[in-house]
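A quick write-up on the structure given underneath.
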Amino acid sequence: MRPPRWLLTTLTAACLTGTAMSAAPAHADTAPPAANDWNCKPSAAHPNPVVLVHGTTANSALNWWTLSPELAGAGYCVFTFDYGMTLLSWGLIGGLGDIPRSAETMRVFVDKVLAATGAAEVDVVGHSQGGMMPNYYLKRLGGAAKVGTLIGLAPSNHGTTAGGLVELTDAARLSGWINGFYTLLGYPAFTQQAAGSDFQKALFADGDTVPGVRYVVIQTRNDRVVTPYTNAFLQGDDVTNILIQDHCPSDPVGHVGLALDSPTHQHILNLLGPNTSDFKPACTGYGPGF
């Protein structure tokens, strides 16, 4: 017997950002290793602090437990924060709340980082919603003047069909009911990340990018969360779109796994550091395929 359609829809949305991460033992507000040293002062070699932004149903400690110490070990001041907590978060599961409010949380945090470090700008690395939500900060909250580079790992930039979720609900004329249902439950970020949502249309109505920011998207062909995977990519001036399998064809990494994938980490270190145009990562240390 097939499960009812409403249950399939709910479970699909609950997996919107690869939420095996939601089983994380780390409580929100617990920074990952080497992050949030408020005495850290950027060096001449790495003048921009790096702000890491987690994805939906994750938190900063879980999302960045490998990349944070790697960046710090390379000489960067690393900072990260939790956002989008609701009554359903249990102090653990972030990225559920209204995305404009989450972007306001980011605005306050970036200002705190700049004040503490004395830096003029930060660089941002975000995963999934954490790669898309900063676009609201850049475009609507004045963040473009405070961000040098935005690197998105499998960002939900142009939304996701969630394996056909949007088409399914539209065909059944249930989209309005489901939007209200998720908002009532306390996680509007799910439907705001749906391809074709009012939020997506409004955010990118004036184009994908704003002047003065360098944009990079790192995506995997095996993304089963942002679907189609090409929805992650941006168009505009100073945009670089990287498909990880163009460099490492056998890399099985999936949506969640990009945060743990060595070729992806190598790209990030190159982009934030020497930014060698013909950089090629060593094809080892692949992230998991989910």
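For the reader, a short list of remarks on this structure follows.
- Set A72, A61: member being hydrophobic (A, V, I, L, M, F, W, C), more than 17 Å from T264 (Cα to Cα) and in a helix (DSSP H, G or I): A61
- Scanning the stretch 260-279 for residues that are surrounded by fewer than 20 Cβ atoms within 10 Å (Cβ to Cβ) and touching a Cys at 6+ places or on another chain (Cβ under 9 Å) turns up just one, S262.
- From the list K41, K112, K139, the one residue that fits, being at negative phi and either assigned to a loop (DSSP other than H, G, I, E, B) or of a type in the set (D, E) (or both), is K41.
- Residues within the stretch 213-240 that are in contact (Cβ under 8 Å) with a residue 12 or more places away in the chain, surrounded by fewer than 17 Cβ atoms within 10 Å (Cβ to Cβ) and over 19 Å from V53 (Cβ atoms), tallied: 6
- Filtering the stretch 98-108 to residues that are open to solvent by 10 Å² or more (accessible area, probe 1.4 Å) and under 16 Å from the mean Cα position of the chain (by Cα) leaves D98, P100, R101, E104, T105, R107.
- Options A194, A189, A154, A162: the member that is crowded, with 22+ Cβ neighbours inside 10 Å, in contact with a helix residue (DSSP H, G or I) (Cβ under 9 Å, 6 or more places away or on another chain), modelled with pLDDT of 95 or more and under 16 Å from G55 (Cβ atoms): A154
- Residue count for the stretch 246-259 under the criterion of being surrounded by fewer than 18 Cβ atoms within 10 Å (Cβ to Cβ) and either touching a residue at least 40 places away in the same chain (Cβ under 8 Å) or polar (S, T, N, Q) (or both): the result is 1.
- Residue that is under 25 Å from V253 (Cα atoms), open to solvent by less than 10 Å² (accessible area, probe 1.4 Å) and out of contact with any strand residue (DSSP E or B) (no Cβ under 8 Å at 6 or more places or on another chain), where the choices are G130, G94, G55: G94
The values are calculated or read from the model by the stated rules, or taken from the named source; none is laboratory data. The model shown is predicted, which means the values in this text are computed figures rather than measured ones. When we count neighbours, we look across all protein chains shown, and the Cβ atoms used for this are built from the backbone with ideal geometry, even at glycine. Surface areas here come from the heavy atoms of the whole protein model, side chains and all, with no ligands, DNA or RNA. Shrake-Rupley method; radii C 1.70, N 1.55, O 1.52, S 1.80 Å.
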